Structure formats: C-alpha cells, structure tokens
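The values are calculated or read from the model by the stated rules, or taken from the named source; none is laboratory data. None of the values given here were measured: they were computed from a predicted structure. Positions of Cβ are generated from backbone atoms using ideal geometry, with glycine treated the same way; all protein chains shown enter the neighbour counts. For accessibility, only protein heavy atoms count, side chains too; no ligands or nucleic acids. Shrake-Rupley method; radii C 1.70, N 1.55, O 1.52, S 1.80 Å.
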Amino acid sequence: MSGGKITGAEAVQAPKGGQSDQVTADAVPQLNQAAITAGNADIDTVSGATYTSAGYKQSLQSALDKMKAGADSGPDTRTLTGAVAQTQYGPVQVRVTVSGGKITGAEAVQAPKGGQSDQVTADAVPQLNQAAITAGNADIDTVSGATYTSAGYKQSLQSALDKMKAGADSGPDTRTLTGAVAQTQYGPVQVRVTVSGGKITGAEAVQAPKGGQSDQVTADSVPQLNQAAITAGNADIDTVSGATYTSAGYKQSLQSALDQAGG
C-alpha cells in the first residue's frame, strides 16, 4: 500500500502440484493485476481457477482489513533481505517482512533452478516460507529432499534477522516500489524493487512472459536481471542473451519504479 492505494500484490502461497501448477501460473498474475487495478478485493474470478480466485480474494480482503485496523503497518514494519547463501545447487537468498517484531512474510528471492532443482525449489520454498513465519526465527526444520536448499534458506534468513537486530536495511527510507507494467511481444513484465538508503536492496519480477518457450526464458533471465538491478543500482543493465524482449520490459518497468523512488 502506498498513499492508501494498492501498488503491488503477490501470492505468497498458491495451489501447486499436477494441474494446479498451470492453473496457478495462469491465474495469479491476472489476480495480482486485478487487485492493483480495483484497489480492493472485489475482483473477478479467473476462468478455470474458481477456487484459487476465491482464496486469493479472501486473503486479499484480510490484508486490507488489517490496513484499516492499523495493524501490520506503521514505522515498525520493515523489509529485510538476507545475504546470498551459496549452496551446492545454486544461490539462495531470503527476504522477510517484520512487523511488530514478528516475521509476517518470507520469500526466496533466489533459489536453485534447472533440472531437478526446479521441482525441489517449487516443493520446498513454500514450506520454508511458512516455517519462517511460524517459527519467527531461522531455527526451522529442513525440508525432506531439499537439504541444501533448506540450509541455504536458513543461512540467508538468519542474515536478514541479524540485519534487523543491527538496525540495518531499515528505517523510514526503506521503501518497496512497483513499476508500471511493460507490455512486450511475449507478454507483460512488471518489476518491484526495495530501496533502502537510496540503494536497491531487492528486485523481483511480479509479472514476466509465460507459456511455452517463455517459461524457460523467464526462469533463466529473471534471476540474472534481478541481480543486475541490485548490482547496478539503476536500470542501465545489460540485456540477457536470448531474452531481449523480457530484458527490455524489465528495464522499462524497473525505471518506472526508480522514478517513483526519485520522487
């Protein structure tokens, strides 16, 4: 929420496994955009995703109710990004939202990908996110079959919590900004950044091209673009080879988010 308006929406959890994977991949970006456009939970059900839509609307309304009640907000709400934990199968990085001294949200900004890692990540990360929120610390159980991902997650999570204790990556100058949707030849791209102390501390693609070959292009290019945005600190980042349109859309939406920060 910014200025009383919804500026970003994302599903922290959504149905997965079997046919649900495709339903979630198709429906969630539409629901996210609908929430931003409507500004409330009175959004249309996505065709073919009745149950996911109903759950999304219910959870969205709950979040909006908290805002009205003054909960989950105020100067004690902070977004903290942990250090990158290098594992045998790839980097893991965790971002948490802390409100009133409690973890109210957790997400993996980076996680192992490619081959069997895609399925391991898809299965393990939602469980680890929920475990972090439930435990309120990094002392969470390892997910069966995802030993390295779990270890990296816990390491990066602890780093984020250490920052909270040290008072780093926080304060009134920490802001989350969502860029405009950039329409590309292969689908919409939208970027959300976290800016702290005038620097980009986190970047993620809220929307990216999907379906067919686009799934692989997005999976390969978005993590590189996210890291490039953080490293460069601006939208003057290199195009990822083989992902020209996605890169161009990413840079356009990223610039839009940074324009908001500059304002």
Could you tell me whether any residue of the range 87-104 is at pLDDT 90 or above, farther than 27 Å from SER253 by Cβ and outside any loop (DSSP other than H, G, I, E, B)? yes
If you check LYS154 against the conditions, is it among the basic types (Lys, Arg) and at pLDDT 90 or above? yes
Which residue pairs have Cβ atoms under 6 Å apart, sit 6 or more places apart or on different chains, and have a first residue in the range 77-105 that is within 12 Å of ILE133 (Cβ to Cβ) and among the small types (Gly, Ala, Ser) and a second that is in a strand (DSSP E or B) and open to solvent by 20 Å² or more (accessible area, probe 1.4 Å)? SER99/THR77; GLY105/THR97
Matching residues in the range 34-58 - criterion: being under 30 Å from LEU258 (Cβ atoms) and either small (Gly, Ala, Ser) or in a helix (DSSP H, G or I) (or both): ALA34, ALA35, ILE36, THR37, ALA38, GLY39, ALA41, TYR56
Does any residue of the range 171-181 turn out to be modelled with pLDDT of 90 or more, on the phi < 0 side of the Ramachandran plot, of a type outside the set (Asp, Glu) and in contact with a helix residue (DSSP H, G or I) (Cβ under 7 Å, 6 or more places away or on another chain)? no
In the range 85-117, what count of residues is obtained for those that are more than 17 Å from THR201 (Cβ to Cβ) and of a type outside the set (A, V, I, L, M, F, W, C)? 16
Could you please find all residues in the range 10-33 being part of a loop (DSSP other than H, G, I, E, B) and free of Cβ contacts under 8 Å to residues at least 60 places away in the same chain? ALA11, ALA14, PRO15, GLY17, GLY18
I'm trying to understand the selection: among the residues of the range 51-66, which are open to solvent by less than 40 Å² (accessible area, probe 1.4 Å) and aliphatic (A, V, I, L, M)? LEU60, LEU64
Taking the range 210-227 only, how many residues are under 16 Å from the mean Cα position of the chain (by Cα) and small (Gly, Ala, Ser)? 2
Of the residues SER221, SER144, which is under 24 Å from PRO112 (Cα atoms), small (Gly, Ala, Ser), at pLDDT 90 or above and assigned to a helix (DSSP H, G or I)? SER221
So THR50, is it closer than 30 Å to GLN224 by Cβ and either modelled with pLDDT of 85 or more or out of contact with any helix residue (DSSP H, G or I) (no Cβ under 7 Å at 6 or more places or on another chain) (or both): no
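So that you can scan it fast, the table gives a plain yes or no per residue for (1) open to solvent by 50 Å² or more (accessible area, probe 1.4 Å); (2) in contact (Cβ under 8 Å) with a residue 24 or more places away in the chain; (3) farther than 14 Å from VAL84 by Cβ:
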position: VAL120; (1), (2), (3): no, yes, yes
position: GLN127; (1), (2), (3): yes, no, yes
position: THR134; (1), (2), (3): yes, no, yes
position: SER144; (1), (2), (3): yes, no, yes
position: GLY152; (1), (2), (3): no, yes, no
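This table checks each residue for (1) modelled with pLDDT under 90; (2) open to solvent by 50 Å² or more (accessible area, probe 1.4 Å); (3) on the phi < 0 side of the Ramachandran plot; (4) of a type in the set (Ser, Thr, Tyr).
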| site | (1), (2), (3), (4) |
| --- | --- |
| LEU225 | no, no, yes, no |
| ALA235 | no, no, yes, no |
| ASP238 | no, yes, yes, no |
| TYR245 | no, yes, yes, yes |
| LYS251 | no, yes, yes, no |
| LEU254 | no, no, yes, no |
| ALA257 | yes, no, yes, no |
| GLY263 | yes, yes, yes, no |
Taking the range 200-235 and keeping only residues that are farther than 17 Å from ARG95 by Cα, among the hydroxyl-bearing types (Ser, Thr, Tyr) and touching a strand residue (DSSP E or B) at 6+ places or on another chain (Cβ under 7 Å), one is left with SER214
